[in-house]
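Asks: Have a look at the structure that comes next, please.
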Amino acid sequence: MEQRVSNDSLSWVNKQAIADAFGRAAKSYDQHAAFQRDVGERLLAKMPEDLSGKTVLDIGCGTGYFSYELLKRGAQVICFDLSPDMLEAAKEKCGDDHVMYKQGDAEQLPFANNSVDYVFSSLALQWCDDLAIPLREIKRVVRPQGQAFLSTLLDGSLFELKKAWAKIDSYQHVNEFISANQVKIALAQSECHSHQLDLAPITVWYDTAFALMRDLKGIGATHVDGRAQGLTNRKALLGVDKAYQTHRNHQGLLPATYQVCLGVIQL
């Protein structure tokens with residue numbers, strides 16, 4: 001008899017796989033996360049400089065790099081992540097003063113209604129199947145007149161890598177991301193009506209395609225839904241590196257282009 005898997009079970013399996021991938025990368029993350037820091041710093045620049053007396057929920061805190069920056073602004077910070085290993089890394093960085101740590105899923109925030117002043121979440125929500133679900137949760141936990149500061153990746157991110165892999169096989173090796181219009185739809189569905197979105201294409205330059213793939217592995221962004229296993233052998237990677245050469249610029253560098261959405265939501 002064929003065994004059927006419910007959507008809830010499948011979602012849990014996928015979330016567990018994502019958490020495991022990031023957990024394995026907890027110790028290597030910071031040395032491969034230059035792009036992630038760039039995006040987070042752009043998002044942080046939109047927040048108030050003085051957060052004294054305010055509670056900030058950092059969703060997808062990772063190793064706590066930006067949680068620590070929020071602490072320096074005077075905030076009480078809640079470090080929240082899907083991966084317990086990432087939370088351990090965050091605790092090493094941020095300590096125990098004015099900070100708490102909670103493991104969980106952005107789609108089911110384990111916090112009371114109207115319990116935080118701000119949400120900060122950089123490059124985490126693209127791992128949710130339906131953006132409207134975490135947005136509704138964020139709206140629920142943020143106090144009236146609070147704000148959420150969010151960044152996520154959009155359709156077109158890593159298109160160079162996707163094209164290079166397409167020359168090797170027909171399998172999916174790069175995650176799909178939603179469009180800016182789908183972000184707006186999710187905001188409407190979650191009744192987050194007052195918001196400002198900034199769309200920022202960001203290009204990171206590499207000497208080789210291998211260096212890009214090392215960064216992606218180093219930060220734990222290796223879970224791709226629907227990817228067949230066992231396909232990233234040395235021959236395939238050499239083929240990707242060769243196919244990527246068509247994007248090399250006059251300085252001999254290879255681009256990795258990300259389409260980034262930076263959002264500020266008034267709640």
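Asks: I'd like to verify a number: residues in region 106-127 that are surrounded by fewer than 22 Cβ atoms within 10 Å (Cβ to Cβ), closer than 21 Å to Lys15 by Cα and out of contact with any strand residue (DSSP E or B) (no Cβ under 9 Å at 6 or more places or on another chain), how many?
Replies: 2
Asks: Which of the residues spanning region 29-42 are over 21 Å from Ala200 (Cα atoms) and either surrounded by 23 or more Cβ atoms within 10 Å (Cβ to Cβ) or in contact (Cβ under 8 Å) with a residue 60 or more places away in the chain (or both)? Reasoning before the result, please.
Replies: As a first pass, look at region 29-42 and keep what is over 21 Å from Ala200 (Cα atoms): 29-31.
Listed by number, the residues that qualify are Tyr29, Gln31.
Asks: Could I ask something else about it? Find the helices (runs of 4 or more DSSP H) located wholly in region 43-142 whose residues include 2 or more that are in contact with a Gly (Cβ under 6 Å, 6 or more places away or on another chain) and either touching a residue at least 24 places away in the same chain (Cβ under 8 Å) or more than 23 Å from Ala21 (Cβ to Cβ) (or both), and list them. So that I can check it myself, show each step before the final result.
Replies: Working: elements: 65-72, 84-94, 132-141.
The helices (runs of 4 or more DSSP H) meeting that bar are 84-94.
Asks: Among the residues in region 72-92, are any polar (S, T, N, Q) and over 21 Å from Cys128 (Cβ atoms)? Walk me through how you get there before you give the answer.
Replies: The initial filter retains those residues of region 72-92 that are polar (S, T, N, Q), namely 76, 83.
Within this subset, residues satisfying the condition of being over 21 Å from Cys128 (Cβ atoms) are 76.
Scanning region 72-92, I find at least one residue that is polar (S, T, N, Q) and over 21 Å from Cys128 (Cβ atoms), so the answer is yes.
Asks: Also, I was wondering about something else. Would you point out the residue of region 187-200, among those that are at pLDDT 95 or above and part of a strand (DSSP E or B), that is surrounded by the most Cβ atoms within 10 Å (Cβ to Cβ)?
Replies: Across region 187-200, the extreme among qualifying residues is His195.
Asks: Looking at (1) outside any strand (DSSP E or B); (2) modelled with pLDDT of 95 or more; (3) surrounded by 16 or more Cβ atoms within 10 Å (Cβ to Cβ), find the lone condition where Leu150 falls short.
Replies: Looking at each condition in turn, Leu150 falls short on (1).
Asks: Continuing with this model, one more query. Right, Ala112: within 17 Å of the chain's Cα centre (by Cα) and among the hydrophobic types (A, V, I, L, M, F, W, C) or not? Spell out how you get there, then give the answer.
Replies: Values: within 17 Å of the chain's Cα centre (by Cα): no; among the hydrophobic types (A, V, I, L, M, F, W, C): yes.
Spelling it out, it is not the case that Ala112 is within 17 Å of the chain's Cα centre (by Cα) and among the hydrophobic types (A, V, I, L, M, F, W, C).
Asks: Let me ask something additional. Taking Ile202 as the residue in question, decide whether it is aliphatic (A, V, I, L, M) and within 24 Å of Phe35 (Cβ to Cβ). I'd like the intermediate steps shown before the answer.
Replies: Details: aliphatic (A, V, I, L, M): yes; within 24 Å of Phe35 (Cβ to Cβ): yes.
Considered against the rule, which asks whether it is aliphatic (A, V, I, L, M) and within 24 Å of Phe35 (Cβ to Cβ), Ile202 comes out as yes.
Asks: Here's a follow-up. Of all residues being hydrophobic (A, V, I, L, M, F, W, C) and not in a loop (DSSP other than H, G, I, E, B) in region 245-259, which is farthest from the chain's Cα centre (by Cα)? Just the residue, please. Even if it seems obvious, please write down each step before you answer.
Replies: Going through region 245-259, the residues hydrophobic (A, V, I, L, M, F, W, C) turn out to be 253-254, 256.
From what's left, not in a loop (DSSP other than H, G, I, E, B): 254, 256.
Values: Leu254: 23, Ala256: 16 Å.
For region 245-259, the residue satisfying everything is Leu254.
Asks: A further question on this structure: Could you check region 108-129 and list, in sequence order, the residues that are at pLDDT 95 or above, of a type outside the set (A, V, I, L, M, F, W, C) and at negative phi?
Replies: Within region 108-129, Gln108, Pro110, Asn113, Ser115, Asp117, Tyr118, Ser121, Ser122 meet the criteria.
Asks: Something else: Which condition does Val224 not pass, out of (1) over 28 Å from Lys46 (Cα atoms); (2) modelled with pLDDT of 90 or more; (3) surrounded by 13 or more Cβ atoms within 10 Å (Cβ to Cβ); (4) not aromatic (Phe, Trp, Tyr), if it passes all the others?
Replies: Status for Val224: all satisfied but (2).
Asks: From the list Lys167, Lys162, Lys184, Lys217, which one is farther than 29 Å from Lys46 by Cβ, without any contact (Cβ under 8 Å) to a residue 60 or more places away in the chain and surrounded by fewer than 18 Cβ atoms within 10 Å (Cβ to Cβ)?
Replies: Details: Lys167 fails: without any contact (Cβ under 8 Å) to a residue 60 or more places away in the chain; Lys184 fails: farther than 29 Å from Lys46 by Cβ; Lys217 fails: without any contact (Cβ under 8 Å) to a residue 60 or more places away in the chain.
The conditions single out Lys162.
The values are calculated or read from the model by the stated rules, or taken from the named source; none is laboratory data. Bear in mind the structure is a predicted one, so any value in this text is a computation, not a measurement. When we count neighbours, we look across all protein chains shown, and the Cβ atoms used for this are built from the backbone with ideal geometry, even at glycine.
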